[in-house]
Structure formats: structure tokens, C-alpha cells
1. To the nearest 20 debye, what is the magnitude of the charge dipole of region 30-166 about its Cα centre, counting +1 on the Cβ of each Lys and Arg and -1 on the Cβ of each Asp and Glu?
2. DSSP loop (so not H, G, I, E, B), at most 11 other Cβ within 10 Å: list which GluC sites (Glu not before Pro) in region 1-108 pass both filters.
3. Restricting to DSSP loop positions (anything but H, G, I, E, B) with no more than 13 other Cβ atoms inside 10 Å of their own Cβ, which trypsin sites (Lys or Arg not before Pro) remain in region 206-315?
4. Only helices at least 24 Å long along their own axis, judged from Cα atoms, and with Kyte-Doolittle mean hydropathy of 0.5 or greater: name those in the chain from DSSP H.
5. What size of dipole, in debye to the nearest 20, comes out for region 85-170 about its Cα centre when the only charges are +1 on Lys and Arg C-beta atoms and -1 on Asp and Glu C-beta atoms?
6. Per DSSP H run of n ≥ 4, the term is -39500 (n - 2.57); total these for the chain, divide by its residue number, and report the mean residue ellipticity at 222 nm rounded to 500 deg cm²/dmol.
7. To the nearest whole percent, what portion of all C-alpha pairs in region 20-65 is separated by more than 14 angstrom?
8. Any lysines with Cα under 18 Å of the K338 Cα? List them, leaving off those in the same chain fewer than 8 positions away.
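None of the figures in this text is laboratory data; all of them are computed from the coordinates on show. Every value quoted in this text rests on a predicted model; they were computed, and no experiment measured them. Don't worry about glycine lacking a Cβ; one is built from the backbone with ideal geometry, like all the others, and counts go over all protein chains shown.
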Amino acid sequence: MTELWFAIAALMLAIYVVMDGFDFGAGALHLFVAKTDTERRQVLAAIGPYWDGNEVWLLALGGVLFVAFPPVLASGLSGFYFAIFLVLWTFILRGISLEFRSHVEADIWRSAWDFVFAGASTALPILFGAALGNLLRGLPLDRSGWFSLALFTDFTARSPVGILDWYTVSVGVFALVALAAHGALFLAWKTDGSVHERTHRASSKLYAAVALLLPLVSAGTNVVRPGFFGAVIARPLAIVAALVAAGGLTTVMLGLRRRAHLTAFLGSCLFLAGLLAATAAAVFPVMLRATGGEELSLTAYNSSAAASGLKIAIYWWLIGFPLAVIYFVTVFRLHRGKAVAAVGREGY
């Protein structure tokens, strides 16, 4: 049961990155791929039906950790206190910029909120990527399972570590590039005209950058977490997930070459999900790795809730998860086709 809940947590994380990732990427790019107010409203119309619902998957991940691995959630929320506040503020700024930009029909008003939206959408992938880098590198956990982190120390990724160092920043940059590419593919699929052409060109360049950065970040991971590559190779599930990621990246390239943007976007979904699944399989059962020694790490086994509680919770998850999937399938069906920019104060 513990292994199942670890897999569910990894699934929730992968779905969140895939779903909220495309509107992060679209937001980060929209000042570059949309030059006029009409074009920017077309970008916002493309992600408008989905962005708030996508964030539900982050809440679902938090719910899974609360139910199945409460010490991991408690330690993470406490240790990443400052970083979590940064994330909350960027979420708030992102939401209000979307909702407020069309309340006043003035160019300076809309441009200001567009800038806020782009900045918040750029910051979130970097913050989440740096957080993942911290989990892979390790945290200064004490014997009671708690830790605290400075924003940065000496950028060496050696103790005493901070939130930011050369490795965590590199993972944050990779996350930004990967999600920007993911968002560009989504916009290329959902838009037409000039925005479509610009996002097609942007997605080709960005995924070329992803293919270049991936081996560099992977090598960095093996440096800060020795044996990571060996764990991937030694575990069949990690190998399968890595092959899914490679297949997804190949699908992206083929889809872009044929201008089959839905195919390319689905390949991007597989790439991101496969990459996260391979990482989860390689680090299992460790959830919060301790820099002071593996015996201090919080794992799925020493942090899980009682078996009876996990068994009861799985029944509720089997009810809630299909309902969430049905909701998103319905939303995508209702808003199929190309996005159309709203007029005046209507929409975004």
C-alpha cells in the first residue's frame, strides 16, 4: 500500500506539471509571441478555460501527501517556508493579472498586467524547478526530520546548502525552458494566424534547447546525487519511464516537422511525464533526502500513515480521481478548436 501511494503522489505531480505547465509556458512567452492586444487576448483565450482548474492537481498532490505521508508534507512546508510564500505570491499575481487586465480599456493598464502575468508565469517554473533540485540534491534534515534553508550560501551544492546553488538554479532554468516549449506547442495547437506561426517557430527552438540542456542537467544530478544513473539503469520502471520520455521527445520533433501540433503537444506531455516518472522510480523510496546521511532521510516507509488509513483513503481516491479526469475531458471537449480573442471588456 505504501508503494501504491508513492506512485499516486508521483502521478499527481506529473499530471500537475503537464497540465499547469502549458499555461505557465504560454504566460512566460505571451509577450514575445503576441505583439498586439488582440493577439495577447488570443493567447489568454487559449489558456483561459484551463488555468485555474489545472492548479487543482497541485492541491491534489498536497492532499495525497497529507493523507499518506504527513511527516513529508509537514517538514517540507516548514523548511521551504520562504519559498512557499514566493510561490503563493506569484500564483496570486498571476491570477489577478488575468482577471484584471480587461476591466479597464486602457493600453497602459493592460500592458502593466501583461507584464505581471509574464513575470509570474516565468518565476513559477524556476521556483518549482529549484524545489525539485533541492529534493534531488538533499536537505539538511536533523534527526527529528526538520530542516531550515537560507536562500543561498556559497552556490557550491555542498553543505551548508541553501535553496539556490549552481545545481538547483540549473534545474530551475531547465524547467523554465521545458515548460516554455510545452506552452509554445499548446499555443501552436490552439491558435491561428501570426500567434500560431510565432509559437511554431518558438517551440522548435525551445525544444532544441531542451534536448541540449537535458544531458547537462542529468549529469549535474549524478554529481550532486552519486549513483542516480545507476539507479535508473537498475530499475525496470525507471527504464520504461525514460523510454517514454525519449519517445515523447521524438514525437515532438516529428510532430513539429509535419506541423502536426496536437501530436507534438501530446509528445511533450509524454516527455515531461516520463522524465518525472523516471526520476521518481530512481529515487524511491526516498522522498526528502538528507545531506547528513541516508539514515536521516524521510522515506515512503518511515513517513507513511497507518496501513488502515491508507486502505480507506484509496477508496476515496478511486472516486475523486475519475471525477477530476471527467471534468478535464469535458472542458477540453467544450473548448475544442482554435481560440478566439475576446472583444472589449469580455473575457480576458
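1. Numbers: 9 positive and 11 negative charges, 51 e Å.
Once rounded to the nearest 20, the dipole reads 240 debye.
2. Working: sites: E3, E39, E55, E99, E105; in loops: E55, E105.
Counting only loop positions with at most 11 other Cβ atoms within 10 Å, the GluC sites (Glu not before Pro) in region 1-108 are E105.
3. Working: sites: R257, R258, R259, R289, K311; in loops: R259, R289.
Those that pass, being in a loop and sparsely packed, are R259.
4. Working: long enough: 2-33 (45 Å, 1.52); 81-100 (28 Å, 1.69); 107-137 (45 Å, 0.81); 166-190 (36 Å, 1.44); 193-224 (45 Å, 0.45); 236-258 (33 Å, 1.47); 261-283 (33 Å, 1.80); 307-334 (40 Å, 1.53).
Those that pass (Cα extent of 24 Å or more, hydropathy at least 0.5) are 2-33, 81-100, 107-137, 166-190, 236-258, 261-283, 307-334.
5. Working: 6 positive and 7 negative charges, 57 e Å.
For this selection, approximately 280 debye.
6. Working: 13 runs with 259 residues, N = 348.
Calculated from helices alone, the mean residue ellipticity at 222 nm is -25500 deg cm²/dmol.
7. Working: 549 of 1035 pairs.
Cα-Cα pairs of region 20-65 separated by over 14 Å account for 53 percent.
8. Counting by Cα, and skipping residues close in sequence, K338 has these lysines nearby: K190.
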